[in-house]
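Enquirer: The structure is given below, and queries will be raised subsequently.
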Amino acid sequence: MGSVIVDLSISLDGFIAGPGDGLESPLGRGGEGLFAWMSAGPEGNQVERRLRPPDASKPVVDEWMSEGGAIISGRRTFDIAGGWADGHPIDVPIFVLTHEPPTEGRWSPRVSFVTEGIERALELAQEAAGDKVVSVCGASPAQQLLRLGKLDEIQVSVTPLLLGGGVRLLEHFGDGPVVLEQTRVVASDGVTHLRYRVVR
């Protein structure tokens, strides 16, 4: 069974979207800067139509493409992303947590809606991923898995940006401290990739 990883771009002050994010402003005020590094590399680094990372970041992005097996997403992320109707950059099954699945609209055929909670979503994602990575997309699912002790790793791509508010990634994860072991640091152009193992 592969690792369960949250792997997101984040501002230096800890936000994965800026203030006022929603359908009309998917990344909030200033949030587009979180992803600028993903298309800032030379043409020879084109991995996918939306991904052209800098040289030092390319191995990280290559890992996404080769090691990814399934994605768990929250409903908010699904809605803001337009259901990935034009395809997710990583072509794997996506399990969207929701209380009420949509009945109309367009979304990726790779999407399945899960109404039975985070543990059921994780079970389905691990079954789909096999030995590959289950990637957690969104703050709420990551926080839920961290509280349950079922998140194995945290990778953040830290951008040189202070958003001052918005959607914070690492909060609401329980009462006690969570001990992490740093396993990798990759300094790149416009981003620093930090990877940690959750110590149990």
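We did not get these values from a lab; they are worked out from the coordinates using the rules stated. All values derive from a computational prediction rather than experimental measurement. Virtual Cβ from ideal backbone geometry, glycine too; neighbours counted across all protein chains shown.
Enquirer: Please determine, by comparing only the residues of the stretch 30-67 that are among the aromatic types (F, W, Y) and under 16 Å from I10 (Cα atoms), which one is farthest from the chain's Cα centre (by Cα).
Expert: Pass one, the stretch 30-67, residues among the aromatic types (F, W, Y): 35, 37, 64.
Still in the running and under 16 Å from I10 (Cα atoms): 35, 37.
Numbers: F35: 12, W37: 15 Å.
Among those that are among the aromatic types (F, W, Y) and under 16 Å from I10 (Cα atoms), it is W37.
Enquirer: Which is in contact with a helix residue (DSSP H, G or I) (Cβ under 8 Å, 6 or more places away or on another chain) and either in a helix (DSSP H, G or I) or farther than 18 Å from T159 by Cβ (or both), of G2, G83?
Expert: Answer to the check: G2.
Enquirer: Any residue at all in the stretch 88-97 that's exposed (fewer than 15 other Cβ atoms within 10 Å of the Cβ), out of contact with any helix residue (DSSP H, G or I) (no Cβ under 8 Å at 6 or more places or on another chain) and not hydrophobic (A, V, I, L, M, F, W, C)?
Expert: yes
Enquirer: Using the structure shown, decide if E48 is among the acidic types (D, E), under 22 Å from V134 (Cα atoms), touching a strand residue (DSSP E or B) at 6+ places or on another chain (Cβ under 7 Å) and surrounded by 15 or more Cβ atoms within 10 Å (Cβ to Cβ).
Expert: The answer is no for E48.
Enquirer: Sort through L34, L23 and tell me the only one that's among the aliphatic types (A, V, I, L, M) and assigned to a loop (DSSP other than H, G, I, E, B). If you could, list the steps in order and put the result at the bottom.
Expert: Working: L34 fails: assigned to a loop (DSSP other than H, G, I, E, B).
The match here is L23.
Enquirer: Continuing with the same structure: Here's a check for you: in the stretch 1-34, which residue that is acidic (D, E) and free of Cβ contacts under 8 Å to residues at least 40 places away in the same chain is surrounded by the most Cβ atoms within 10 Å (Cβ to Cβ)?
Expert: E32
Every residue, every condition in (1) surrounded by 17 or more Cβ atoms within 10 Å (Cβ to Cβ); (2) at negative phi; (3) more than 14 Å from the chain's Cα centre (by Cα); (4) not hydrophobic (A, V, I, L, M, F, W, C), yes or no:
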site: V111; (1), (2), (3), (4): yes, yes, yes, no
site: T115; (1), (2), (3), (4): no, yes, yes, yes
site: Q126; (1), (2), (3), (4): yes, yes, yes, yes
site: A129; (1), (2), (3), (4): yes, yes, yes, no
site: A139; (1), (2), (3), (4): yes, yes, no, no
site: L148; (1), (2), (3), (4): no, yes, yes, no
site: L151; (1), (2), (3), (4): yes, yes, no, no
site: Q155; (1), (2), (3), (4): yes, yes, no, yes
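Enquirer: Additional query: Which numbered condition in (1) more than 25 Å from L145 (Cα to Cα); (2) touching a Phe, Trp or Tyr at 6+ places or on another chain (Cβ under 8 Å); (3) not hydrophobic (A, V, I, L, M, F, W, C) is the only one that S25 fails?
Expert: Checking S25 against (1) more than 25 Å from L145 (Cα to Cα); (2) touching a Phe, Trp or Tyr at 6+ places or on another chain (Cβ under 8 Å); (3) not hydrophobic (A, V, I, L, M, F, W, C), the one that fails is (2).
Enquirer: Looking only at the stretch 147-174, filter to residues that are of a type in the set (A, V, I, L, M) and in a strand (DSSP E or B); which one of those is nearest to G18 (Cα to Cα)? Before the answer, list the steps.
Expert: Just the residues of the stretch 147-174 that are of a type in the set (A, V, I, L, M), to begin with: 148, 151, 154, 156, 158, 161-163, 167, 169-170.
Next, from what is left, pick out any that are in a strand (DSSP E or B): 154, 156, 158, 167.
Working: I154: 20, V156: 16, V158: 14, V167: 7 Å.
Only one residue tops the list, namely V167.
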